[in-house]
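The values are calculated or read from the model by the stated rules, or taken from the named source; none is laboratory data. Note that the structure is a prediction, hence the values are computed from the model and not measured. Cβ placement follows ideal geometry from the backbone for every residue including glycine, while neighbour counts extend to all protein chains displayed. The area values use the complete protein model at the heavy-atom level, side chains included, leaving out ligands, DNA and RNA. Shrake-Rupley method; radii C 1.70, N 1.55, O 1.52, S 1.80 Å.
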Amino acid sequence: DRIRAIGDRSRTVADSASTGVRSPLILAVLVFVLVGLIGSRGLVMAGVSAVGQMPVWPSVADFLQTFTSHWRYSGLGSSLPPPPALALASGLGTVLLGATSMARTALVVGSVPLGVFGAWRLSRRISRRGWPVAATALVYGVSPLPRNALAAGRFGPLVLFALAPFVLSGLL
């Protein structure tokens, strides 16, 4: 009886999943994700170019040494406290077992899906239906802002693109 009940439940789950995948909304989301993966394969495989504000990241030990140092050597030097981004970069590099270039690539490439997820989440608060929410996320995802920022080597617009929907959601 237990085996028959497990079989019935698994058949029910499989039927509902196959019905859900056939819906146009789910197909549109899957096509968008597939195009995004194909489009970013060069960045993921070769890494992000060291251009503009995206230089090659030093090792985790260098990040930690800079973060804990009393003197900052960038520019003309300063005794101001270090930015917390150094600790975050060090932590991300540590999680990825010291691969700081992979951490930099993950941060840059992950900014677009994070922004799309934020736009989806923000639009879910405004509209409960599926199509307006998916259209909002799709339009936000195809925006040329992150691609232009990546081509110019500017990190600030990528961060803005990724975090703006969350900030706006917090304000609402």
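Please indicate, with yes or no, whether at least one residue in the stretch 135-144 is more than 22 Å from Arg41 (Cβ to Cβ), hydroxyl-bearing (Ser, Thr, Tyr) and in contact with a helix residue (DSSP H, G or I) (Cβ under 6 Å, 6 or more places away or on another chain).
Scanning the stretch 135-144, I find at least one residue that is more than 22 Å from Arg41 (Cβ to Cβ), hydroxyl-bearing (Ser, Thr, Tyr) and in contact with a helix residue (DSSP H, G or I) (Cβ under 6 Å, 6 or more places away or on another chain), so the answer is yes.
Among the residues of the stretch 114-139, how many are exposed (fewer than 15 other Cβ atoms within 10 Å of the Cβ), without any contact (Cβ under 8 Å) to a residue 12 or more places away in the chain and charged (D, E, K, R)?
2
Does at least one position in the stretch 44-52 carry a residue that is open to solvent by less than 50 Å² (accessible area, probe 1.4 Å) and outside any loop (DSSP other than H, G, I, E, B)?
Within the stretch 44-52, not a single residue is open to solvent by less than 50 Å² (accessible area, probe 1.4 Å) and outside any loop (DSSP other than H, G, I, E, B).
Kindly evaluate Thr66 against the criterion of being modelled with pLDDT under 85, surrounded by 10 or more Cβ atoms within 10 Å (Cβ to Cβ), assigned to a helix (DSSP H, G or I) and polar (S, T, N, Q).
When the stated conditions are applied, Thr66 does not pass them.
Given the conditions (1) over 23 Å from Leu92 (Cβ atoms); (2) in contact with a helix residue (DSSP H, G or I) (Cβ under 9 Å, 6 or more places away or on another chain); (3) at pLDDT below 90, report the number of the one that Leu107 does not fulfil.
(1)
For the stretch 152-172, which positions are open to solvent by less than 80 Å² (accessible area, probe 1.4 Å) and without any contact (Cβ under 8 Å) to a residue 12 or more places away in the chain?
Gly170
So, in the stretch 69-113, how many residues would count as being in a helix (DSSP H, G or I) and surrounded by 16 or more Cβ atoms within 10 Å (Cβ to Cβ)?
Residues meeting the conditions: 16.
Among the numbered conditions (1) farther than 27 Å from Gly141 by Cβ; (2) in contact (Cβ under 8 Å) with a residue 24 or more places away in the chain; (3) not in a loop (DSSP other than H, G, I, E, B), tell me where Ala61 comes up short.
With (1) farther than 27 Å from Gly141 by Cβ; (2) in contact (Cβ under 8 Å) with a residue 24 or more places away in the chain; (3) not in a loop (DSSP other than H, G, I, E, B) applied to Ala61, the lone miss is (2).
What pairs come up if the first residue lies in the stretch 66-90 and is free of Cβ contacts under 8 Å to residues at least 24 places away in the same chain, the second is among the basic types (Lys, Arg), and their beta carbons are under 7 Å apart, counting only those six or more places apart or on different chains?
Ser78/Arg72; Leu80/Arg72; Pro82/Arg72
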